[in-house]
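Asks: Here it is: the structure, laid out below.
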Amino acid sequence: MLLIRCPYCEEERPELEFRNAGEAHIARSANMAGESDDDFEKFFFIRSNPKGIIHERWRHMHGCARFFNAVRDTVTDKFIMTYKAGEPKPSKLPGVAK
Amino acid sequence: MSGAFRIPSAGRLSQAKTARFSFDGQSYAGIEGDTLASALLANGVHLVGRSFKYHRPRGILSAGAEEPNALVEIKRDAARKTPNVRATVQELYDGLAAQSQNRWPSLSFDVGAVNDIASPFFSAGFYYKTFMWPKAAWKSLYEPKIRAAAGLGVSPDQPDPDHYSSRYAHCDVLVLGGGAAGVAAALAAAETGVRVILADEQAEFGGSLRFESGARIDGQDGFAWAQGAVAKLAAMDNVRVLSRTTAFGYYAQNFVGLVERVSDHLKAPGHDLPRERLWQVRARRVVLASGAIERHMVFADNDRPGIMLAGAARTYLNHYGVAVGKNVGVYTANDSAYAAAIDLKKAGVNVAAIVDLRDNPTGPVIDEARALGIEVNFGRAVVRAGGKLRVSSMTVQPKNGGGERTIPVDAILMSAGWTPSVHLFSQSRGKVAFNDETKRFVPGTYAQDCVSVGACNGTDGLSASLDEAYAAGAKAARDANARDYGAKAAKGTKPKVDASESWSRGMLGAAPGAGPDTTVKAFVDFQNDVTAKDIRQAVHEGMHSIEHVKRFTTNGMATDQGKTSNMHGLAIAAETLGKPIPEVGLTTFRAPYTPVTFGAIVSHARGPLFDPTRRTAIHPWAEAQGAVFEDVGQWKRAWYFPKTGEDMHAAVDRECVAVRTKAGLFDASTLGKIEVVGPDAAKFMELLYTNPWEKLEPGRCRYGIMLREDGFIYDDGVVGRLAPDRFHVTTTTGGAPRVMNHMEDYLQTEFPHLNVWLTSITEQWAVIAVQGPKSRDIIAPLVEGIDMSDEALPHMSVREGKICGVPTRLFRMSFTGERGFEVNVPADYGQAVWEALWAEGQKHGAAAYGTEAMHVLRAEKGYIIVGQDTDGTVTPNDAGLDWAVGKKKADFVGIRGMARPDLVAKGRKQLVGLKTKDPKVVLEEGAQIVEDPKQAIPMKMIGHVTSSYWSQNCGRSIALALVAGGRDRMGDTLYVPMPNGVVEVEVTGMVFFDETGGRLNG
Ligand SMILES: [Zn+2]
């Protein structure tokens, strides 16, 4: 069972308290109704599914109930960092080369 | 006297405490502190089981958790019957009853042993090759036969009457393994004041000090030192000591699962004791001190009862006071077996000969053996064991060939060397490294905050192990607590080793006489009956990866997970492939280290505690009325209320008619309810629902549809606007949590600029639906402060006031098509208000109705149930709900998805009504619909029935269905092919009763 740091509670808590909510930084268009079929396809269906670093959304379901973002390595399953919803993708990741 | 092979002068058990036990019905005497294995051996019993595949007689190989052979059934009573218990681990108690397994009719005469003679047909890959064809024979013939013939032990057929417990724990340093190294590491860590947990699988701490007669620490016998050190640790406030506790799984971030066997060793466990306790420990640092496991020699018929590991024989002697034979032979490729021979010889047991595969080894143990007059042979191999139910001889030959000599023996002690137990390290995702010099895999690259010490780290010798462990324990404590309390130095002193034994090296793979040119049965994996020949055959048949060899031969795949066999198997595969061992690689170690009971994992989460049961405030009333309940998610809901003599059909018909002619009361408390509050509440509702909300006046209600972004219906419900900034939203019963999650997601991440608060109020309000022409007459006398006239409280409106003196949110709404109300009251008053309404209802002939009648009544009106009439691929248009989509809205969740080409294409499945041509026939929900029933099979299916009921109010059956292009088929005849014939149906509108809706004000 993983430990996940909730950036709102500022505490590491067991995985059981959290729920994954899919890939992060996929913005919903401000003009949703006017999106082309291609753009909607990219927004709704296409996910990066990387081998390595992924930015994803989690919810501290059984804690503060806040959604937040996390950087996780899909190979080692290690959380590299977590940050609040709405904050930009971190430019530097602690302990990760390149 | 507790057995003819007990040596009173040897061992640590008190001879006074006798314990009687039985094996296969025969009664024996043992001593408290024995394991079942040591007690059997004390009585001269070596034959304890039959092997898995060939039914070969098997004895006791080891004295610990690695045991592959001595698996028995322990039976306390009819329900407490545990198969596959390792006799080497089971502690003896007075009255213990054990049975051998996998034999019929008896252990010494077993019909299944014919498999041994027929063994050429059971070679590696047998299952894969033999049972490929015909497919049908698998179910009827092969599988049942194989299962009956090849099982090891029989599972109990009654529910487990024992209880189990579960605990979470946190610590700074978790030490796994309580041998000399583990105890030293725990001492060093504990002396700094940090929180320490020390766990060991045995009843007593000490590990190999149990048998190492030559070890002396701090001026004492090694085992005595360990007992003293552990007693000191146990007395410290910051230390928890767990014996009989196996760390079975090492998971992410130093999360370790352990099972503590609390009462399996007790004669009569009190019911206050759990049988086992699951520990889930999160440790800042883990010290792995799991020791090493001795390997057997791979030679012909090395599985005969009486042939065992040298270290095990030494344990039986030095700890339990049991001689494993009267005339023993020794076969070894390293020094450690000499110590066993020396100890046995000193205890008065004849040692017939030591056979050493090495050419010219030297050292003090060899000198000592010689000095004791033991015959020592170098450069020789045991090529064969004699005897069947018990070993009777060993045949010795120079390892490069030559004359044979057969030596009579009643036991053979063997040692091919020691394999570091890297199981937990490997489970932690650490990478092992092969040490070419010592021919063993040791911890290489670490993936977690842990450290290996002592024998499991490949460290040889007691002194070096203790030094390493003490330093590692102190460092782990420092690293673990630095951020909280600052580092402290250990206050104690490092244990000093005065005398120790040391051995290393040995050999891997098949010994001479069991080489590639032979066809003998030299067992590598005893539990799965895998021989050296099987492994070579697997390689010859094209299995070049060790993972393939393992699966093809099943080497290492039994419940012992190859603790004694993996390295031999790997070496034989590598030799056959002509590759060095590290290039062939080691198979992955997986949890559990030893088998874990389902009971320990499940703990209290069984029966009524498996899943929480949710009951409404009105539940006790419904129960008292004799309601039949159905499960809806975790809720118990009243399904129908049968009167004396009524079946379900009659009850539902009566309830449905009562609602339409008089009135009905229905417990709707399970409806999901969410309060949406804030200055931007209406804006938020506009975005989350398809409907327009800004202009809905306070006091009015609207039926809302929620979509996902893909444009499909996600949920629905009536929403009341209580105030400009306050909406009372209802959801489906099952949908409440996901709708709340969906709303929170959008509020927090997509629309965080909106000033809105969401609160789940499902449990806060009990909801009593009062429906029917008499509904207002029933409610009105109990209501204060609300004008109940149609003008003041029209259909689809909501008012706040009081009922029976308690606050209410009174909705005028209908899920039946009748004049109706839903009375929301604080849940604590739910039953009292229900009872008041019920009393009032009795004056008007009202009935209580359940979920079944509710379903029928809504279907008569064509009201859909999301999740029954929709399935996640239905748009509002498909469901005939276009009217509920705000045409002028610029945005809402699902607005774009709904417009995707496929979702607006012609020919989509649409919800319609179906009437069977024969009004008495009720369709089956889920039944498929076709245009032409005479077409060839497989037929083209154009839709399916989603809801179907007998409607007493309509005097006929009614149904809803999703049908391709359904709304263009009004009046058409379609067909529903069923096993008993084709049902003819007519496509109709969805409203079967009161099409004009006049009854809403009736
Ligand atoms: Zn939180």
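Bear in mind these aren't lab numbers, they're just calculated from the coordinates by the rules spelled out. Just so it is clear, the model here is predicted, and its values are computed rather than measured. Here the Cβ positions follow ideal geometry from the backbone for every residue, glycine too, while neighbour counts run over all protein chains shown.
Asks: Please find the FRET efficiency linking B:Ser545 to B:Asp968, where r is the Cβ-Cβ separation and R0 is fixed at 56 Å, and quote it to the nearest 0.05.
Replies: 0.40
Asks: Next question. Taking amide H positions as placed in the peptide plane 1.01 Å from N, state which residues far from B:Asn755 in sequence (5 or more) or on other chains have amide H under 5 Å from it.
Replies: Under 5 Å from the amide H of B:Asn755: B:Asp680.
Asks: Name the most mobile residue of A:Arg28, A:Arg57, A:Arg19, meaning the one with the largest mean-square fluctuation, in a Gaussian network model of chain A with Cα contacts below 10 Å.
Replies: A:Arg28
Asks: Where in the range B:685-713 does the amide nitrogen come within less than 14 Å of the point 7 Å from the Cα of B:Glu750, taken along Cα to Cβ?
Replies: Inside the label zone: B:685-691, B:706-713.
Asks: Show the residues, 5+ positions off or on another chain, whose built amide H is closer than 5 Å to the amide H of B:Met813.
Replies: B:Met796, B:Gly820, B:Phe821, B:Glu822
Asks: Give me the angle, in degrees from 0 to 90, between the Cα long axis of helix B:222-234 and the longest principal axis of the Cα atoms of chain B, rounded to the nearest 10.
Replies: 30 degrees
Asks: Could you state the per residue volume, in Å³, of the convex hull enclosing the Cα atoms of the protein assembly as shown?
Replies: 225 Å³
Asks: Taking a point 7 angstrom from the Cα of B:Glu995 along the C-beta vector, which residues in the range B:912-936 have backbone N less than 13 Å away?
Replies: B:913
Asks: Return the sequence-ordered ³J(HN,Hα) values of the range B:819-835 in whole Hz as given by the Karplus equation 6.51 cos²θ - 1.76 cosθ + 1.60 applied to θ = phi - 60°, using x for Gly and Pro.
Replies: Running phi through 6.51 cos²θ - 1.76 cosθ + 1.60 with θ = phi - 60° gives 3, x, 9, 10, 8, 8, 9, x, 3, 4, 9, x, 6, 5, 5, 4, 5 Hz.
Asks: Sort the range B:590-701 into rounded, prolate or oblate with this rule: let a ≥ b ≥ c be the square roots of the eigenvalues of the Cα gyration tensor; rounded if a/c is under 1.5, and if a/c is not under 1.5, prolate when a/b is larger than b/c, oblate otherwise.
Replies: oblate
Asks: Taking the dipole about the Cα centre of the protein assembly as shown, with the C-beta of Lys and Arg at +1 and of Asp and Glu at -1, give me whichever of B:Val72, A:Val71, B:Thr362 is farthest to the positive side.
Replies: Projecting each Cα onto the dipole axis, the largest value belongs to B:Thr362.
Asks: Tell me, what is the FRET efficiency for A:Lys84 and B:Ala169 to the nearest 0.05, using R0 = 51 angstrom and their Cβ-Cβ distance as r?
Replies: That gives a FRET efficiency of 0.95.
Asks: Classify the range B:508-579 as rounded, prolate or oblate, taking a ≥ b ≥ c as the square roots of the eigenvalues of its Cα gyration tensor: rounded when a/c is under 1.5, otherwise prolate if a/b is larger than b/c and oblate if not.
Replies: Oblate shape, in that a/c is at least 1.5 and b/c is the bigger or equal ratio.
Asks: How many angstrom lie between the Cα centre of the range B:736-812 and the Cα centre of the range B:820-847?
Replies: Between the Cα centre of the range B:736-812 and that of the range B:820-847, the gap is 16 Å.
Asks: Enumerate the aspartates and glutamates that B:Lys643 could reach by cross-link, defined here as Cα to Cα under 14 Å, with residues fewer than 8 away along the same chain left out.
Replies: Partners within reach: B:Glu623, B:Asp653, B:Glu655.
Asks: Note down the nm distance, to one decimal, between modelled labels 7 Å out along Cα→Cβ at B:Ser108 and at B:Arg12.
Replies: About 3.6 nm separates the two model spin labels.
Asks: Sticking with this one: Can you compute the charge dipole magnitude of the range B:18-115 about its Cα centre, using +1 on each Lys and Arg Cβ and -1 on each Asp and Glu Cβ, nothing else charged? Give it in debye, rounded to the nearest 20.
Replies: Result for the range B:18-115 is approximately 400 debye, rounded to the nearest 20.
Asks: Could I ask something else about it? Could you tell me how many degrees, from 0 to 90 and to the nearest 10, lie between the Cα long axis of helix B:736-745 and the main elongation axis, the longest principal axis, of the Cα atoms of chain B?
Replies: The helix B:736-745 is inclined about 90 degrees to chain B.
Asks: Among the listed pairs B:Lys673/B:Lys802; B:Lys326/B:Lys399; B:Lys75/B:Lys533, give every one whose C-alpha distance is greater than 30 Å.
Replies: Checking Cα-Cα distances, B:Lys75/B:Lys533 exceed 30 Å.
Asks: Give me the percent of DSSP beta bridges within chain B that run antiparallel, rounded to the nearest 5.
Replies: About 75 percent, rounded to the nearest 5.
Asks: From the phi angles alone, apply the Karplus equation (6.51, -1.76, 1.60; θ = phi - 60°) to the range B:194-208 and give each ³J(HN,Hα) in whole Hz, x where the residue is Gly or Pro.
Replies: 6, 6, 10, 10, 10, 10, 9, 6, 7, 5, 10, 6, x, x, 6
Asks: Read phi for every residue in the range B:330-336 and hand back ³J(HN,Hα) as whole Hz from Karplus 6.51 cos²θ - 1.76 cosθ + 1.60, θ = phi - 60°, with x for Gly and Pro.
Replies: Those phi angles translate into 10, 10, 8, 10, 7, 6, 5 Hz.
Asks: Report, for the protein assembly as shown, the % of DSSP beta bridges that are antiparallel, rounded to 5.
Replies: 75 percent
Asks: Taking the Cα centroid of the range B:390-424 and of the range B:510-564, what is the distance between the two, rounded to the nearest whole Å?
Replies: Each part reduced to its Cα centre gives a spacing of 18 Å.
Asks: Given H placed on each backbone N at 1.01 Å, which residues far from B:Asn350 in sequence or on other chains put an amide H within less than 5 Å of it?
Replies: Amide H neighbours of B:Asn350, under 5 Å, 5+ apart: B:Val328.
Asks: Which value in deg cm²/dmol, rounded to the nearest 500, describes the helix-derived mean residue ellipticity at 222 nm for the protein assembly as shown, given -39,500 (n - 2.57) per DSSP H run of n ≥ 4 and division by the residue count?
Replies: Result for the protein assembly as shown: -5500 deg cm²/dmol, rounded to the nearest 500.
Asks: On the Cα set of the range B:18-115, report Rg and Dmax in Å, please.
Replies: Taking only Cα atoms of the range B:18-115, I get Rg and Dmax of 12.7, 40 Å.
Asks: Within a Cβ distance under 12 Å of A:Glu35, other residues only, what is the Lys/Arg minus Asp/Glu net charge?
Replies: -2
Asks: Right, here's the next one. Assuming R0 = 51 Å, can you tell me the calculated FRET efficiency for the pair A:Phe45 and B:Lys267, based on Cβ-Cβ distance, to the nearest 0.05?
Replies: 0.20
Asks: Here's another thing I want to ask about it. Could you name the aspartates and glutamates in cross-link range of B:Lys940, using Cα to Cα under 13 Å and dropping any fewer than eight places away on the same chain?
Replies: Within the straight-line limit of under 13 Å, B:Lys940 reaches these aspartates and glutamates: B:Glu931, B:Asp932.
Asks: Between A:Met81, A:Met32, A:Met61, where does the largest GNM mean-square fluctuation fall for chain A, given springs only between Cα atoms within less than 10 Å?
Replies: Maximum among the listed residues: A:Met32.
Asks: So, counting K/R as plus one and D/E as minus one, what does the shell of residues with Cβ under 13 Å around B:Lys550 add up to?
Replies: -1
Asks: Compute the acute angle (0 to 90°) between the alpha-carbon long axis of helix B:180-190 and the principal axis of greatest extent of the alpha-carbon atoms of chain B; round to the nearest 10°.
Replies: 50 degrees
Asks: Where nothing but the Cβ of Lys and Arg (+1) and of Asp and Glu (-1) is charged, how large is the charge dipole of the range B:751-900 around its Cα centre, in debye to the nearest 20?
Replies: In total the dipole reaches around 480 debye.
Asks: Fewest first, what order do B:Ser393, B:Ser775 take by the number of other Cβ atoms within 10 Å?
Replies: Taking fewest neighbouring Cβ atoms as first place, the list is B:Ser393, B:Ser775.
Asks: Where does the charge balance sit around B:Asp356 when Lys and Arg score +1, Asp and Glu -1, over other residues with C-beta under 13 Å from its C-beta?
Replies: In short, +2.
Asks: In the protein assembly as shown, which cysteines lack any other cysteine Cβ under 4.7 Å from their own?
Replies: Isolated Cys, the protein assembly as shown: A:Cys64, B:Cys171, B:Cys450, B:Cys456, B:Cys656, B:Cys701, B:Cys804, B:Cys954.
Asks: For chain A, what class follows from the C-alpha gyration tensor (a ≥ b ≥ c being the square roots of its eigenvalues): rounded when a/c is under 1.5, otherwise prolate if a/b is larger than b/c, else oblate?
Replies: prolate
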